[in-house]
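These notes are about the structure you will find just below.
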Amino acid sequence: MSEVTVDGRRTLPVASGRTVAARLWRMLAGRRLALGGIVALFLVEAGLALVFPLVIGSLVDTVIAADGSGVPGSFWWQVGLLAVTSVAAGVVAWVAMRALARLAETLVAELRESYVGAALDLPRATVEAAGTGDVVTRASDDIAQVSGTLPEVLPQLTVSILTMSLVAGALAVLDPWFLVGFSLTIPLYGLTVRWYLRTAPAVYVAERAAESARGHDVLGTLTQLPTVTAHRLEHRQLARIKAATWLTVRWAMRTRIVQNRLFGYLNVAEALGLLAVLGIGVRLALTGETTTGEVTAAALLYLRTVAPIAELLFLLDELQSALASLSRIIGVTTPPEPLTPNKATLVKHPASGPSEHGAAVELRGVDFAYRAGRPVLSAIDARIEHGTVLAVVGATGSGKSTVAALIAGIHEPTAGDVVRRVDPRRIVTVTQETHVFAGTVRDNLTLAAPDASDAQVRTALKQVAADHIVDLLPDGLDTEVGDGGHPITPAQAQHLALARLALADPLLVILDEATAEADTADTAVLDQATATITKGRSALVIAHRLSQARTADQILVLDSGHLVETGTHTDLITTNGRYATLWTAWSTNRP
C-alpha cells in the first residue's frame with residue numbers, strides 16, 4: 001500500500017502491483033479452469049491465423065513451379081484451406097473473446113460491489129483526510145476505466161502474446177536464420193517496454209490522483225455552496241478548481257507525450273525488424289538455401305507479429321491506465337491504515353458495554369488548528385460521563401463542530417489528549433447534512449442495521465415519533481425516496497436519520513446540529529426525539545436551539561475557540577455570563 005500526495009493533499013491508499021495480483025488471483029478461485037479453457041481457445045485461434053502466411057508462401061512456390069503450364073490441382077486445395085482456416089479462426093476467436101469478456105465483466109462487477117462496501121465502511125477520519133472527491137472519483141471514473149478497458153484489452157493481450165510465440169516457432173521451422181532476424185528486434189522492443197514500464201505507471205497514477213483532487217474541489221464547493229456564498233469564497237473556490245483542472249490537464253498532456261514516444265519507438269523497431277528478415281531471406285534465396293515462397297512466408301509471418309507486438313505495446317498504454325485505476329480501487333478494498341492516525345487514546349473495554357472506570361470521553365487540554373498558526377480550539381477540557389448528555393453552545397465559528405469532530409475521531413488534536421472509553425464501533429454521528437439515499441424508506445433506515453425486521457424498524461420510528469412521516473407516504477416503508485423518488489423535506493430527512501440512529505443503538509451519540517432544519521411546527525417534536533434518543537446514552541449535542549441545551553446534564557460554552565463557561569443550565573443562568581446572554585437573546589418572544 002502507498003499514498004499519493006497531490007497538491008499537498010493525501011489521497012486514499014493505492015495498492016501495489018503484488019497486492020493487485022494477489023487480489024485478482026483470489027477472485028479467480030473457482031474460475032481458473034474456465035480461464036485455462038479460454039486460453040486454450042485463444043491458442044487455437046492464434047495457430048489457425050498462422051496458416052495464412054504459410055499457405056501464401058506455398059502458393060507462391062506452386063505458381064513459380066507451374067511456370068505457365070496451367071493451374072495445378074494443389075492450388076485449389078490451398079485456397080480452400082485458406083478459406084476454411086479463416087472462418088474457423090474467426091469463430092474460435094469470437095467464442096473465446098465472449099467467454100473472456102464475460103469472465104472479466106463478472107470480476108469487475110464483484111470488484112465494484114466490494115469497493116462500494118469498503119467505501120461505506122471507511123472511517124470518517126480517512127474520508128475527511130482524503131476528501132470525498134477521491135472516494136467518488138474511484139467509484140465513478142476508475143470503475144468505468146476498469147470495466148471499459150479490461151474486458152476489451154484482455155482478449156487482445158492474450159492473442160498478441162500467443163501469436164508472437166507461435167510465429168517465432170514457425171520462423172524457426174522455415175529456417176533458423178529467419179528466427180535470428182526476428183530476434184534482432186527483441187532487444188529494441190525490450191528497451192521500449194522497459195522505458196515504458198519505468199515511465200508510464202507513475203504518470204498514470206498521478207493523472208488519476210489529479211482527477212481526484214479536482215473532484216474534491218468541485219464536490220466540496222457544490223456541497224458547501226451556502227457556506228461558500230455566505231463567506232464570499234466564490235473567487236477562491238473557483239481559483240482552486242481552475243488550478244486543479246489545469247493540473248489535471250498537465251498530467252493528461254504528459255500521458256499523451258508518453259504515448260507518442262511509445263509509438264515512435266515502435267515504428268523504428270518494426271522497420272528495422274522487417275529489413276532484417278527480408279535481408280536474411282534474400283541472402284538465403286540467392287544461395288539456394290530457401291525458396292521465394294519461404295521468404296514470402298517469413299516476411300508475412302514477421303508482419304503477422306508486427307501488429308500483435310504493436311498492439312501489445314499499445315495495449316500496455318490502455319492497460320497501464322486500467323491498472324492504475326484497479327490499484328486505486330483495490331487500495332480501498334484492502335483495509336488500509338488510517339490516513340491520519342488519531343492521537344486520541346482509546347481505553348480498551350469489553351465490546352458489550354462501556355468501561356466501568358472514568359468518563360465515556362475526556363478532552364484534556366486540547367488544542368486544534370486546521371492550519372498552523374491559526375488555532376480553532378485552545379486548552380479545551382471536557383468530560384462526557386456515561387449515560388449523560390453534554391451540550392456545546394456558542395456563536396457560529398466558535399469551534400462547536402470541531403469539538404464534535406475531535407470526539408468522533410475525525411481529526412486529531414494539535415495538542416492535548418482525547419480519551420475514549422467507548423467502543424469506536426458504537427459511536428454514531430448525525431450532522432445537519434442528512435443524505436437521503438436512492439431507494440425505499442426501509443433501505444434508508446436499515447443501513448444502520450441490515451438485519452432489522454419491519455417490527456424493529458417501526459419500533460425505532462415510534463421511539464423518535466417519526467412513524468407519522470412513514471404513514472403519510474404513499475407506499476409506507478416501500479416508498480421510493482432519494483434521487484427520482486418521492487420528495488421529503490429536510491426536516492423529515494433529519495427525523496428519519498434519528499430513527500436510523502435508534503436502529504444503530506450506539507453507546508455514544510454525537511448530534512451536530514442534527515435537527516437544525518426543523519421549522520417552528522417541527523421544533524418541539526424533534527427536540528423530544530433528540531431527548532428520547534439520548535436518554536440512557538452518552539451524548540454530545542451541538543445545540544442549534546438552546547432548548548436542547550437546557551435539558552442537557554452539562555453545558556460547555558465556547559467563544560472563539562476558548563472554553564468560557566461550563567455548568568448546568570440553571571447554574572449558567574444564575575452566573576449571568578455568556579450563556580445567560582445567549583439564552584436571553586434566544587428566548588425573547590418565544591413561548
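Could you count how many residues in segment 159-169 are surrounded by 21 or more Cβ atoms within 10 Å (Cβ to Cβ) and either small (Gly, Ala, Ser) or more than 15 Å from Val295 (Cα to Cα) (or both)?
Going through segment 159-169 one residue at a time, the tally reaches 3.
Could you please let me know if Asp553 is in contact (Cβ under 8 Å) with a residue 12 or more places away in the chain, surrounded by fewer than 17 Cβ atoms within 10 Å (Cβ to Cβ) and closer than 21 Å to Thr523 by Cα?
yes
Hey, can you tell me all the residues within segment 421-435 that are more than 21 Å from Ala529 (Cβ to Cβ) and buried (at least 16 other Cβ atoms within 10 Å of the Cβ)?
Hits for segment 421-435 are Arg421, Val422, Asp423.
Can you tell me how many residues within segment 561-591 are touching a Lys or Arg at 6+ places or on another chain (Cβ under 8 Å), not hydrophobic (A, V, I, L, M, F, W, C) and not in a strand (DSSP E or B)?
1
Among the listed residues Ala466, Ala438, Ala395, Ala415, which satisfies the condition of being crowded, with 21+ Cβ neighbours inside 10 Å, touching a residue at least 12 places away in the same chain (Cβ under 8 Å) and more than 21 Å from Leu507 (Cα to Cα)? Break it down into steps so the answer makes sense when it comes.
Numbers: Ala438 fails: crowded, with 21+ Cβ neighbours inside 10 Å; Ala395 fails: crowded, with 21+ Cβ neighbours inside 10 Å; Ala415 fails: crowded, with 21+ Cβ neighbours inside 10 Å.
None of the other options fit; the residue is Ala466.
From the list Pro506, Pro450, pick out the single residue that is crowded, with 16+ Cβ neighbours inside 10 Å and either acidic (Asp, Glu) or closer than 23 Å to Leu120 by Cβ (or both).
The conditions single out Pro506.
Could you say whether any residue in segment 547-556 is in a helix (DSSP H, G or I), at pLDDT below 85, within 29 Å of Leu377 (Cβ to Cβ) and assigned by TED's automatic domain parsing to the domain that holds Ile407?
Quick first cut of segment 547-556, residues in a helix (DSSP H, G or I) only: 547-550.
Filter again for at pLDDT below 85, leaving 547-548.
Cutting the leftovers down to within 29 Å of Leu377 (Cβ to Cβ) gives us 547-548.
Now drop any that are not assigned by TED's automatic domain parsing to the domain that holds Ile407, which leaves 547-548.
Yes, some residue in segment 547-556 is in a helix (DSSP H, G or I), at pLDDT below 85, within 29 Å of Leu377 (Cβ to Cβ) and assigned by TED's automatic domain parsing to the domain that holds Ile407.
Cβ-Cβ distance below 6 Å, separation of 6 or more or different chains: which pairs start in segment 166-179 with a residue that is without any contact (Cβ under 8 Å) to a residue 60 or more places away in the chain and end on one that is small (Gly, Ala, Ser)?
Once the first residue is without any contact (Cβ under 8 Å) to a residue 60 or more places away in the chain and sits in segment 166-179, its partners that are small (Gly, Ala, Ser) give Leu179/Ala172.
Inside segment 531-546, can you point out the residues that are in a helix (DSSP H, G or I) and either crowded, with 18+ Cβ neighbours inside 10 Å or in contact with a strand residue (DSSP E or B) (Cβ under 8 Å, 6 or more places away or on another chain) (or both)?
Answer for segment 531-546, where residues must be in a helix (DSSP H, G or I) and either crowded, with 18+ Cβ neighbours inside 10 Å or in contact with a strand residue (DSSP E or B) (Cβ under 8 Å, 6 or more places away or on another chain) (or both): Ile533, Thr534, Leu546.
Could you tell me which numbered condition Arg236 fails, if it satisfies all but one of (1) basic (Lys, Arg); (2) in contact with a Ser or Thr (Cβ under 9 Å, 6 or more places away or on another chain); (3) surrounded by fewer than 17 Cβ atoms within 10 Å (Cβ to Cβ)?
Just one mismatch for Arg236, condition (2).
Could we say that Arg545 is touching a residue at least 60 places away in the same chain (Cβ under 8 Å) and among the charged types (D, E, K, R) here?
no
Report yes if some residue within segment 557-572 is over 23 Å from Ala379 (Cβ atoms) and either within 31 Å of the chain's Cα centre (by Cα) or among the small types (Gly, Ala, Ser) (or both); otherwise report no.
no
The values are calculated or read from the model by the stated rules, or taken from the named source; none is laboratory data. Bear in mind the structure is a predicted one, so any value in this text is a computation, not a measurement. Note: ideal-geometry Cβ built from the backbone for every residue, glycine included; neighbour counts use all protein chains shown.
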